[in-house]
Each structure stands twice: as structure tokens, then as C-alpha cells.
Amino acid sequence: MSAVNDSPTTTRSRKRTNDPEGMRKRVLDVAEESFQARGYHASSIGDLMAAAGVTGGALHHHFPTKKALALAVIEERVASAVEETWIAPVQLAGSAREGVRMVFEAVAAELESQGFVRGCPLNNLAHELSLADPEFRMALAGIFSAWRQAIADKARADRQAGGDGGIDPEHFAALAVAVYSGAMAMAKTAQDAGVLRDCLNALEQGASPASRGGAKRRRRVLLRPGTL
């Protein structure tokens, strides 16, 4: 057996690994964090490259444009976050109501432990990008649609199984998504996760059949000609 004396250059080249998928993941990690903390428009490609430790050529190999990077963040990271935080827990819950309640409470507890509120990633990007580009809008709308559909499907299954028949599935799903999105925006502004619990209480009261009937009656009174 012959001995081989490696030069420093040879040793370094052996340690260097070609990991394009790891590099791509690192860029997505950095972009996701930056878009959430600072926003898409305030995150420059140069800053993202520096934070990820990649060259321009390496970044553009995976993401030819900043828009392509943002779409990947939306489709791979934001969609996955909604799936993990909302869709899967609701599907596994005993009922749609129970699932929604569990998500609100879990997110509130996590934010209180974290000590700050950055807001909902989907909501943040929707506010910033929905009017900026039709591809952004379609990608974001698709996630909102899947989120609502998952809640509605669960509520529909509850009704078919003979439970919670007072819920209108589509109404409840739209209300749950809207209340959560608004609650996260308010919690971000106030830096107070307790807003989520307040909004959960309002949602649970507003989603009941009696409350919906009362709201309809009040609306008719308000719209009656000649009334104040």
C-alpha cells in the first residue's frame, strides 16, 4: 500500500461538497425570514445573497429573478405553513369548531412564548403583493382558497355525521379565515397575542345560529326605509 501526501489544496477540495439542494433550501430560508421580517420590497437580492452566503450565479441558477424567489417562498414555504398550522390540525380535530379553536389557542400561546408578533406570513405577503403582480395574487389566492376549503370540508363532514348541524360550512370557513387574518394584523400592530383570544371569543359567538339570525334581523331593521 502506497502512502499519498495530500496537498492543502487537495484536502480543501475533498472537503468541499456540491449540494445544490442544500443551497436552494438555504436561500429559501433566508428569503422567507427576510420577507416576513422586512417585506419583499425591502429585501434586496444583495442582502439575501450575503445572508445566505451564496454568489449571484448560484442564487440565479435556482431563482432567475427576485420574483421567482418570492413565488417559491409563497408556494413552498407559506403554503406549507398554512398546511401545518391550519389545514392539518383542523382535519385531525374532532370537529371544525374544535379545530379552529385549537389553532387560535396554539398560535396565541406560541406568540406569547416567542415574545413578539410578526403577523401571519400569508397575510403579510397578501397585503404587500396582491396588487403588485397577477402571479403573486393568484398564488396567494390559491392558498387562501385551500385554507377556506379545508375548514368548510370539515364542517360539512361534521354535519353529515350528525354533529354541529347549525354551522353553514362556507360561512363558517370564510368567517374563521377572515377573523384569524384580522386578529393577526391587530396582534402585530399591538404586539399583543391576547387579541387572538378576544377574536376567537367573538368568532365563536358570531358563528352560532342564534347570533347569525340576530345579525340578519338587525340588518333588516337598519335597512328599513325611514328608520334611524
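Observations, loosely collected:
- So Ala183, is it in contact with a Cys (Cβ under 6 Å, 6 or more places away or on another chain) and modelled with pLDDT of 95 or more: yes
- All positions within the range 123-169 that are basic (Lys, Arg) and within 18 Å of the chain's Cα centre (by Cα): Arg137, Arg148
- Filter result for Ala72 (touching a residue at least 40 places away in the same chain (Cβ under 8 Å) and within 21 Å of Ser44 (Cβ to Cβ)): yes
- Filtered residue count, the range 99-116, keeping only those that are among the aliphatic types (A, V, I, L, M) and open to solvent by less than 10 Å² (accessible area, probe 1.4 Å): 3
- Within the range 17-54, the set of residues being surrounded by 11 or more Cβ atoms within 10 Å (Cβ to Cβ) and more than 27 Å from Gly119 (Cβ to Cβ) comprises Met23, Gly53, Val54.
- As for the range 121-144, it holds no residue that is of a type in the set (Lys, Arg) and in contact (Cβ under 8 Å) with a residue 12 or more places away in the chain.
- Exactly one residue out of Ala79, Ala96 is small (Gly, Ala, Ser), buried (at least 17 other Cβ atoms within 10 Å of the Cβ), modelled with pLDDT of 95 or more and within 29 Å of Gly22 (Cα to Cα), and it is Ala79.
- Every residue from the range 95-117 that is out of contact with any Asp or Glu (no Cβ under 9 Å at 6 or more places or on another chain) and over 20 Å from Ala37 (Cβ atoms): Glu98, Gly99, Met102, Val103, Phe104, Glu105, Ala106, Ala108, Ala109
- Taken as a whole, the condition of being at pLDDT 90 or above, in a loop (DSSP other than H, G, I, E, B), surrounded by fewer than 18 Cβ atoms within 10 Å (Cβ to Cβ) and in the same structural domain as Arg101 (by the TED database) applies to Asp192.
Every residue, every condition in (1) modelled with pLDDT under 95; (2) under 22 Å from Ala141 (Cα atoms), yes or no:
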position	(1), (2)
Lys15	yes, no
Phe35	no, yes
Ser43	no, no
Glu75	no, yes
Trp86	no, yes
Val90	no, yes
Ala109	no, no
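A quick yes/no check of all residues on (1) of a type in the set (Ser, Thr, Tyr); (2) touching a residue at least 12 places away in the same chain (Cβ under 8 Å); (3) assigned by the TED database to the domain that holds Leu200; (4) in a helix (DSSP H, G or I):
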site	(1), (2), (3), (4)
Trp147	no, yes, yes, yes
Ala155	no, yes, yes, yes
Gly162	no, no, yes, no
Ile167	no, yes, yes, no
Val177	no, yes, yes, yes
Gly182	no, yes, yes, yes
Ala185	no, yes, yes, yes
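The values are calculated or read from the model by the stated rules, or taken from the named source; none is laboratory data. All of these numbers come straight from a predicted model, not from anything done at the bench. Neighbour counts are summed over all protein chains in view; Cβ atoms, including those assigned to glycine, are modelled from backbone coordinates with ideal geometry. With ligands, DNA and RNA removed, areas are computed over all heavy atoms of the protein, side chains included. Shrake-Rupley method; radii C 1.70, N 1.55, O 1.52, S 1.80 Å.
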